[in-house]
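Engineer: One structure, as structure tokens, below. Some questions next.
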């Protein structure tokens, strides 16, 4: 009986050890994927949050676009317009263009859900184009941060705006939940 138990334990250990050794061998034989370049890393993050906000802009019902959880908050539409509009403080600065006159385009400038969704999509596409135009060398270029009035690298500024968009994404996820809906990123994948 003891030998039968010992044999079972040995076989169980062998069954666990073989796949681990096989995986280790495969890792050693496969070349390690190189890290993304500086501009690729920024672009990936920029596009990811842009994709999420665009999905929300296209998904949320138009009749709820002026919904806000309480009177002190921005509406769903105003959140999107703000998040997209502020991106031009990065995009225009990175491209050497004059900065926007204000951070919050007016809700009245957008007549429909389609116009807001197109604005969000364009703001992130324009930012992605600016990142591509700057390339790897441009990510280290110093500019003056318009909000902090200090020098900053283009890449650091981009990450700040990515974080800002992420904060608005989080707020909009709460708007979905308060409205009794599930945000697109939280739905089961098909």
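Engineer: Does any residue of the range 163-175 turn out to be touching a residue at least 40 places away in the same chain (Cβ under 8 Å), surrounded by fewer than 19 Cβ atoms within 10 Å (Cβ to Cβ) and over 18 Å from the mean Cα position of the chain (by Cα)?
Structural biologist: The answer is no, given that none of the residues of the range 163-175 is touching a residue at least 40 places away in the same chain (Cβ under 8 Å), surrounded by fewer than 19 Cβ atoms within 10 Å (Cβ to Cβ) and over 18 Å from the mean Cα position of the chain (by Cα).
Engineer: Can I ask one more? Within the range 142-155, take every residue that is surrounded by 15 or more Cβ atoms within 10 Å (Cβ to Cβ) and without any contact (Cβ under 8 Å) to a residue 60 or more places away in the chain and give me the one that is nearest to residue 39 (Cα to Cα).
Structural biologist: So, considering only residues that are surrounded by 15 or more Cβ atoms within 10 Å (Cβ to Cβ) and without any contact (Cβ under 8 Å) to a residue 60 or more places away in the chain, the one nearest to residue 39 (Cα to Cα) is 153.
Engineer: Which of the residues that make up the range 24-39 are free of Cβ contacts under 8 Å to residues at least 24 places away in the same chain and in a helix (DSSP H, G or I)?
Structural biologist: Result: 24, 25, 26, 27, 28, 29.
Engineer: Evaluate the range 115-133: report whether one residue or more is closer than 17 Å to residue 44 by Cβ and touching a strand residue (DSSP E or B) at 6+ places or on another chain (Cβ under 9 Å).
Structural biologist: Among the residues of the range 115-133, not one is closer than 17 Å to residue 44 by Cβ and touching a strand residue (DSSP E or B) at 6+ places or on another chain (Cβ under 9 Å), which makes the answer no.
Engineer: Follow-up question, since we're still on this one. Restrict the check to the range 46-67 and report whether at least one residue is surrounded by 19 or more Cβ atoms within 10 Å (Cβ to Cβ) and more than 23 Å from residue 182 (Cβ to Cβ).
Structural biologist: For the range 46-67, residues surrounded by 19 or more Cβ atoms within 10 Å (Cβ to Cβ) and more than 23 Å from residue 182 (Cβ to Cβ): present.
Engineer: Take residue 140 and tell me if it is in contact with a strand residue (DSSP E or B) (Cβ under 8 Å, 6 or more places away or on another chain) and either at pLDDT 95 or above or in a helix (DSSP H, G or I) (or both).
Structural biologist: yes
Engineer: Just the residues that are assigned to a loop (DSSP other than H, G, I, E, B) and surrounded by fewer than 19 Cβ atoms within 10 Å (Cβ to Cβ), please, taken from the range 176-186.
Structural biologist: Within the range 176-186, 179, 180, 181, 182 meet the criteria.
Engineer: Could you please tell me which pairs satisfy a Cβ distance under 8 Å, a separation of 6+ or placement on different chains, a first residue in the range 118-139 that is within 14 Å of residue 85 (Cα to Cα), and a second residue that is outside any helix (DSSP H, G or I) and modelled with pLDDT of 95 or more?
Structural biologist: Hits for this filter: 119/110.
Engineer: Shifting gears a bit: Is there a residue being over 21 Å from residue 55 (Cα atoms), modelled with pLDDT of 95 or more, in contact with a helix residue (DSSP H, G or I) (Cβ under 8 Å, 6 or more places away or on another chain) and surrounded by 13 or more Cβ atoms within 10 Å (Cβ to Cβ) anywhere in the range 115-130?
Structural biologist: yes
The values are calculated or read from the model by the stated rules, or taken from the named source; none is laboratory data. Owing to the predicted nature of the structure, the values given are computational and were not obtained by experimental measurement. Note: ideal-geometry Cβ built from the backbone for every residue, glycine included; neighbour counts use all protein chains shown.
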